[in-house]
Amino acid sequence: MPIPAVPSSPRWKRRFQALVAIVVVLPATLVLWLVGRFGADAPVDYRGPVEHFKYGSTGGEHEMGFPYWIWRALPEVCGHYLPGPGYASLGMLYEHNPDGSLKDLPVGTSKRRYQGVDRVFVNCAVCHTSTVRTAPGEPPLLVPGMPAALFNMKAFEEFFFRCAADPKFSKEYLIPEIRRQGGDLDLLDRYLVYPAAIAIMRDRVLALKGRFEWVFEQKDWGPGRVDTFNSAKVIFNFPMAHLDPKEFDAPADFPSIWLQRPRREPRAMELHWDGNNTDMTERNKSAAFGTGVTPPTLDLPRIKRVEDWILEAEPPAFATLFAIDPALAARGAPIYQEYCAACHGASGRDFSGENVGRVTPLAEIGTDRRRLDSYSETLAVNQATLYAGYPWRFSQFRKTHGYANMPLDGVWLRAPYLHNGSVPSLRDLLEPAAARPAVFWRGNDVFDPVKVGFVSDQPEAGGQKFFRFDTRAAGNGNGGHEGQAYGTALAADDKAALVEFLKTF
């Protein structure tokens, strides 16, 4: 069949070109623009491994990320749910830019452009970075990899849950605050994207709040602690209201994460406070759930960068800030070898010892059992379903009946001590439980180089109030790790020498 000839008049050509533009070019241009505007999935990347650890993405922004300007506005709109000004009042840490201004995000948060919005959420560093100071008023030393002794996770969660339930979590309050702060919202952001994001975010947080109602019923954890595995039960839809009450009130201190390679080689240590897993990659992927990731959103290449860094990362030396008495430390070395080395390693870098990284039964160690009881057989079985269909499906989680013996690298920065942070200093740990402080205050980053721990006998300093820690409350018991085998019967001068030697770790 012959193809009809196309008229060649200039008028017809203009009409044809206009038709092509309307039917083909404009829709294609719109699609390309929409893909460019809403199709990006681009985290902010950092060249150095330490900067990446502090600010790099794990993938949690996909599901849990707050739109950047909502994150910025919430402390102003819902400041009545915070203990003080901004996220810093929750123990989050801000660094300075080269020009002296504060960075726009605290350490332990990351940013990713996703679905047309810059999104923010926490990463590994929020639980594993803190500061130490030599005296009040002195500048703090930021230490990546140490326990986040200042960060109040429970208050962080409750802030967002309470804010989402507040009428001010709305476009009528948030968008004016965003504009007041100089938010660069274009017309589409202002009238469509951000109003929709606010509504969606509010619904998501309120839905999550319904699953975390148990958190509000627990006593305050205080800074530096988290109830890890009761939070994990929410993933598996455990009937939280019907669990054994002994599983609750089980917060434990954030751990340090330096020198992971010797924890994996030449033999795998039993990880977590109760030694419930010997596979470091499983431990890491499990921890990533705490940063908001799900199996499909786990950012493997960027998590691998963190994993590579913590294999070799080392804690700063005590002598960086404080003096060590070499003669007294030398006197403490054989005392350490006799009482501590078999369970905690030959030194702060030599982790050899027959019981290092192995679980000591609760009946022997005698420390508070709440953290151990919170991790149940049922949870271990459920964890074996995580990452089903992936090459890295979990298979190593198990229930134990004690607590794992930890190497002591950087032990001076890991105060307070025991798994639940119930003993403020190393010197206090060498006393029988009855002589340890029954009440002390957490959240001060000023260090006591004699007792080796953060200053803990002051309820406030410089206008800042600290958290009152009562060892008589459920889950806070400071008993255990005592008796002849643990050095609590040593003479006072021997204890001083032992502490001095531990400063070299």
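Details
- Looking only at residues in region 309-336 that are surrounded by 13 or more Cβ atoms within 10 Å (Cβ to Cβ) and charged (D, E, K, R), the one that is nearest to the chain's Cα centre (by Cα) is D325.
- Any pair with Cβ under 7 angstrom, 6 or more apart, that starts in region 92-121 at a residue that is over 12 Å from K54 (Cβ atoms) and in contact (Cβ under 8 Å) with a residue 60 or more places away in the chain and ends at one that is among the basic types (K, R) and not in a strand (DSSP E or B): G116/R37
- Tabulated pairs, region 201-219, first more than 28 Å from I175 (Cβ to Cβ), second among the basic types (K, R) and buried (at least 16 other Cβ atoms within 10 Å of the Cβ), C-beta under 7 angstrom, 6+ apart or interchain: V215/K154
- Residue count for region 46-64, restricted to those that are in a helix (DSSP H, G or I), surrounded by 17 or more Cβ atoms within 10 Å (Cβ to Cβ) and free of Cβ contacts under 8 Å to residues at least 12 places away in the same chain: 0
- Filtering region 160-178 to residues that are among the hydrophobic types (A, V, I, L, M, F, W, C), farther than 30 Å from P239 by Cα and touching a residue at least 40 places away in the same chain (Cβ under 8 Å) leaves L174, I178.
- Residue count for region 89-106, restricted to those that are of a type outside the set (S, T, N, Q), over 16 Å from the mean Cα position of the chain (by Cα) and over 14 Å from R72 (Cα atoms): 5
- Entry remark, region 220-238: residues being in a helix (DSSP H, G or I) and in contact (Cβ under 8 Å) with a residue 24 or more places away in the chain number 7 in total.
- Filter pass, A241 being surrounded by fewer than 17 Cβ atoms within 10 Å (Cβ to Cβ) and in a helix (DSSP H, G or I): yes
- Residue match in region 179-188 (condition: touching a helix residue (DSSP H, G or I) at 6+ places or on another chain (Cβ under 7 Å), over 29 Å from N405 (Cβ atoms) and without any contact (Cβ under 8 Å) to a residue 60 or more places away in the chain): no
- Pairs, first basic (K, R) in region 427-438, second crowded, with 18+ Cβ neighbours inside 10 Å and assigned to a helix (DSSP H, G or I), C-beta under 6 Å, six or more apart: R427/V499; R436/D428
- Region 137-169, residues that are surrounded by fewer than 19 Cβ atoms within 10 Å (Cβ to Cβ), hydrophobic (A, V, I, L, M, F, W, C) and more than 25 Å from V205 (Cα to Cα): L141, L142
- Annotation: A197 fulfils all but one of (1) buried (at least 19 other Cβ atoms within 10 Å of the Cβ); (2) out of contact with any strand residue (DSSP E or B) (no Cβ under 9 Å at 6 or more places or on another chain); (3) over 30 Å from P416 (Cβ atoms); the unmet one is (2).
- Helices (runs of 4 or more DSSP H) enclosed by region 282-352 - at least 2 residues per element that are in contact with a strand residue (DSSP E or B) (Cβ under 7 Å, 6 or more places away or on another chain): none
- Residue in region 112-122 that is more than 26 Å from R190 (Cβ to Cβ) and basic (K, R) present: no
- Positions within region 455-495 being crowded, with 18+ Cβ neighbours inside 10 Å and either under 26 Å from R133 (Cβ atoms) or touching an Asp or Glu at 6+ places or on another chain (Cβ under 6 Å) (or both), in sequence order: V455, S456, F466, F467, F469, T471, G475, N476, G477, N478, T488, K495
- The residue that is nearest to L298 (Cα to Cα), among those in region 388-426 that are without any contact (Cβ under 8 Å) to a residue 60 or more places away in the chain, buried (at least 21 other Cβ atoms within 10 Å of the Cβ) and small (G, A, S), is S422.
- Residue check, E172 surrounded by fewer than 15 Cβ atoms within 10 Å (Cβ to Cβ), assigned to a helix (DSSP H, G or I) and modelled with pLDDT of 95 or more: yes
- Answer residue from region 30-58, given it is in contact with a Gly (Cβ under 7 Å, 6 or more places away or on another chain) and among the aromatic types (F, W, Y) and is modelled with the highest pLDDT among those: Y46
- Residues of region 441-454 that turn out to be surrounded by fewer than 21 Cβ atoms within 10 Å (Cβ to Cβ), in a loop (DSSP other than H, G, I, E, B) and of a type in the set (V, I, T), as a count: 1
- Only residues that are of a type in the set (A, V, I, L, M) and within 26 Å of W71 (Cα to Cα) were counted in region 119-140, giving 4.
- Considering the conditions (1) assigned to a loop (DSSP other than H, G, I, E, B); (2) modelled with pLDDT under 95; (3) among the hydrophobic types (A, V, I, L, M, F, W, C), M269 is excluded by exactly one of them, (2).
The values are calculated or read from the model by the stated rules, or taken from the named source; none is laboratory data. The model shown is predicted, which means the values in this text are computed figures rather than measured ones. We place every Cβ from the backbone using ideal geometry, glycine too, and count neighbours over all the protein chains shown.
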